[in-house]
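Worksheet for the structure shown next.
Every read-out reported here was derived from the displayed coordinates using simple, explicitly stated rules and does not represent laboratory data. The structure presented is a predicted model; accordingly, all values stated were derived computationally and were not measured. All Cβ positions, even for glycine, are placed from backbone atoms using ideal geometry, and neighbour counts span all protein chains on display.
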């Protein structure tokens, strides 16, 4: 189930990144796409009925902790990318007074 | 010596941190020198590994002393060493070139870029590779921003496409983890053929995701749009790094993943060959009609990356030799071309090829080095571009692929057309010279040394091709033992 949700999120994000005309909406699309991938990884490690991987005596059935640990890294990277993209968009807006995607192809430049 | 790999990666990272602190104090004019020191030390450490690598040894280091399947391993083999050598040289020269013009945080970003590049080529862990790739990409997105306002949109375009590429790569890595349960490349090399027998479609999906992501990152035909924007609007040293090093990362990951890891029955050779061919034709044709000097160089990069892919796609040992040698040569030649284009633009203030005509104020040396670089990339004999192009052509003929060989030769001529057009404009007689006052700011000698090193390199590796082929022998032996 969760991997289907992950795939849906990924596709929604991809649609947003490709089809939206507004630059901020494109950044949102990128974020949704990344969260789809994060959810996909998390669902890899999860299994129903298993406990947290704290290695004490008597605990045998644990979930795979690796994907969760890795996804922390991915989330941090996602934040970096979002911050960078938004700061670029702020400076682009100051110069061109527009958030339209046409800016990216260089129309009305120079 | 076994901890050299981690030192090469970690030193620039530590120095990047210190430099960003230093840039806040009054001593911020020394940031560049500190960066130069750290890149220099890392590069010397890379060179120290040389004799052992070229003797066929592999130097491994386990992070935190955790053994292979659990921990992250760094491994320097022939291929990683070749790439690390190119990156070290280009980053060193770029830092030297930018000592005068830039200050502060710029250098810490260049160091992070350098650490990321070395990390990508050394690591044996797929997720770690993704992380280093993101580190280098994010610093590259920021570095593209130059005082020119249009560079902001180039940076944002690069950011959107680059993040999409790394996201697709991450999805592929996730699917591999779901199938094989490990990120370690050595374990994957054993697991993938087993999984291929039961779930070929999943492996194909992963392969497609990786190919699209690498295609975006190395600027291949349909996904090239960020290349001309970012290359032409970035500051000169960053253009050199983007074209010489960052584009090569995609090719490195392609060789590493598809040719040394995922050896399945499906042969990618045809796809790669024709993809490279289309990129070469497309890049060459578009370079012909460019008016902006640096934009033309960027399209020429697409053309050359296509040529490198053709060599890989031929699937023979000779083709691979030619490709890896061309990868090395292209870094040297494009470095010198972008440096001299940067100097020409700096001293005339003009970027359009037409406007360069009859400009007496361009100093002689950048003009001369542009001519040499152009001759090298066209493939004129005493220079290094000739050797690698010849190897790829010969490999194509040996495979019986005469059309490919003919196309490579034809696009050598096309390259001659668009490069010599610029050279002609640069060397045309200066009529306006008397009326226009010599307003050119004199270029510091230290920038000439960067250019001289790269030019000397292309001359040496053209005259003594055996030295260059000795460098890549171990890398080729990895793929064709």
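Which of A:100, B:77 has the fewest other C-beta atoms within 10 Å, and how do the rest follow up to the most? Working shown, then result.
Working: A:100 12, B:77 22.
The most exposed by this proxy come first: A:100, B:77.
Of B:95, B:414, how do they rank once you tally other Cβ atoms within 10 Å and put the fewest first? All intermediate terms of the calculation are to be shown ahead of the outcome.
Working: B:95 26, B:414 21.
Ascending number of Cβ neighbours within 10 Å: B:414, B:95.
To the nearest whole number, what is the average tally of beta carbon atoms from other chains within 10 Å of the beta carbons of peptide B:159-170? Working shown, then result.
Working: counts 8, 11, 1, 1, 12, 7, 0, 4, 13, 4, 0, 9.
The per-residue average across the peptide is 6.
Roughly speaking, what is the stretch gain from residue B:48 to residue B:66, that is 0.36 nm per residue apart minus the C-alpha to C-alpha distance, in nm to one decimal? Mind dumping the intermediate values first?
Working: separation 18, 0.36 × 18 = 6.48 nm, distance 2.52 nm.
Contour length minus the Cα-Cα distance gives 4.0 nm.
Please state, rounded to one decimal and in Å, the Kirkwood hydrodynamic radius that the protein assembly as shown gives when every pair of distinct Cα atoms enters the mean of 1/r.
Values: mean 1/r = 0.0405 Å⁻¹.
Every distinct Cα pair counted, the radius reaches 24.7 Å.
Would you kindly calculate the translational diffusion coefficient of chain A, applying Stokes-Einstein with the Kirkwood radius from alpha carbon pairs, for 10 °C and a viscosity of 1.306 mPa s, and quote it in µm² s⁻¹ without decimals? Numbers along the way, then the final one.
Details: Rh = 16.3 Å.
After rounding, the answer is 98 µm²/s.
Do you know the relative contact order of chain B, to the nearest whole percent, from alpha carbon pairs under 8 angstrom that are 6+ apart?
That works out to 15 percent.
Return the calculated 222 nm mean residue ellipticity for the protein assembly as shown, to the nearest 500 deg cm²/dmol, obtained by summing -39500 (n - 2.57) across DSSP H runs with n ≥ 4 and dividing by the residue count.
Numbers: 22 runs with 421 residues, N = 591.
Mean residue ellipticity, 222 nm, calculated: -24500 deg cm²/dmol.
Using the per-residue mean of other Cβ atoms lying within 10 Å as a proxy for protection, in what order, highest first, do the peptides B:156-164, B:347-355, A:44-52 fall? Let's see the in-between values first.
Working: B:156-164: 24.0, B:347-355: 15.4, A:44-52: 12.1.
Descending mean neighbour count gives B:156-164, B:347-355, A:44-52.
So what is Rg over Rh here for chain B, counting just Cα atoms and using Kirkwood for Rh? Present the calculation step by step, with values, prior to reporting the outcome.
Values: Rg = 21.7 Å, Rh = 22.6 Å.
A ratio of 0.96.
Evaluate peptide A:10-18: per residue, the Cβ atoms of other protein chains within 10 Å of its Cβ; return the mean as an integer.
Working: counts 3, 0, 0, 2, 3, 0, 0, 5, 2.
Average per residue, whole number: 2.
Apply 1/(1 + (r/R0)^6) to the Cβ-Cβ distance of residue B:260 and residue B:37, taking R0 = 45 Å, and write down the FRET efficiency to the nearest 0.05.
Details: r = 35 Å, r/R0 = 0.77.
Using R0 = 45 Å, I get an efficiency of 0.85.
What's the extension gain from residue B:199 to residue B:150 if we count 0.36 nm per residue and subtract their Cα-Cα distance? Present the calculation step by step, with values, prior to reporting the outcome.
Values: separation 49, 0.36 × 49 = 17.64 nm, distance 4.72 nm.
My answer for the length gained is 12.9 nm.
Where does each of B:291, B:474, B:346 land when they are ranked from fewest to most other beta-carbon atoms within 10 angstrom?
Numbers: B:291 11, B:474 19, B:346 16.
Result, fewest neighbours first: B:291, B:346, B:474.
Let me have the relative contact order for the stretch B:148-264, percent, based on Cα pairs under 8 Å that are six or more residues apart.
Details: 99 pairs, mean separation 40.5, N = 117.
After rounding, I find 35 percent.
Let me see the pair-distance distribution of the stretch B:148-264: every alpha carbon pair, 5 Å bin width, integer percents in order.
The distribution over the stretch B:148-264 is 2, 11, 19, 21, 15, 11, 9, 6, 4, 1, 0, given as percents.
Quote the FRET efficiency, to the nearest 0.05, computed for residue B:421 versus residue B:365 with a Förster distance R0 of 35 Å and r equal to the Cβ-Cβ distance. Intermediate results must be reported in sequence, preceding the final value.
Working: r = 21 Å, r/R0 = 0.59.
FRET efficiency, residue B:421 to residue B:365: 0.95.
Assuming R0 = 30 Å, what is the FRET efficiency of residue A:100 and residue B:394, from their Cβ-Cβ distance, to the nearest 0.05? Walk me through the numbers before you get to the answer.
Working: r = 51 Å, r/R0 = 1.69.
With R0 = 30 Å, the Cβ-Cβ based efficiency is 0.05.
Would you mind computing, in nm to one decimal, how far apart the modelled labels at residue A:60 and residue B:406 are, each placed 7 Å from Cα along Cα→Cβ?
7.1
Using only alpha carbon pairs under 8 Å that are at least six residues apart, calculate the relative contact order of the stretch B:14-88 and give it in whole percent. It would help to have the intermediate numbers written out before the result.
Values: 57 pairs, mean separation 18.8, N = 75.
Value for the stretch B:14-88: 25 percent.
So how much slack lies between residue B:208 and residue B:58, counting 0.36 nm per residue of separation and subtracting their Cα-Cα distance, in nm?
On the way: separation 150, 0.36 × 150 = 54.00 nm, distance 3.03 nm.
Result: 51.0 nm gained on full extension.
Take the alpha carbon gyration tensor of the stretch B:1-124, find the square roots of its eigenvalues, order them as a ≥ b ≥ c, and report rounded if a/c is under 1.5; if not, report prolate when a/b exceeds b/c, else oblate.
Since a/c reaches 1.5 and a/b is larger than b/c, the shape of the stretch B:1-124 is classed as prolate.
What distance in nm separates the simple spin-label points at residue B:346 and residue A:68, each placed 7 Å from Cα in the Cβ direction?
Each label point lies 7 Å from its Cα, and together they span 5.3 nm.
So what's the gap between the Cα centers of the stretch B:97-132 and the stretch A:1-57, to the nearest angstrom?
28
Give me the inter-chain shielding for A:94-100: mean count of other chain Cβ atoms within 10 Å, whole number please. Before the final figure, lay out the partial values.
Details: counts 2, 4, 3, 0, 0, 0, 0.
So the per-residue partner count for this stretch is 1.
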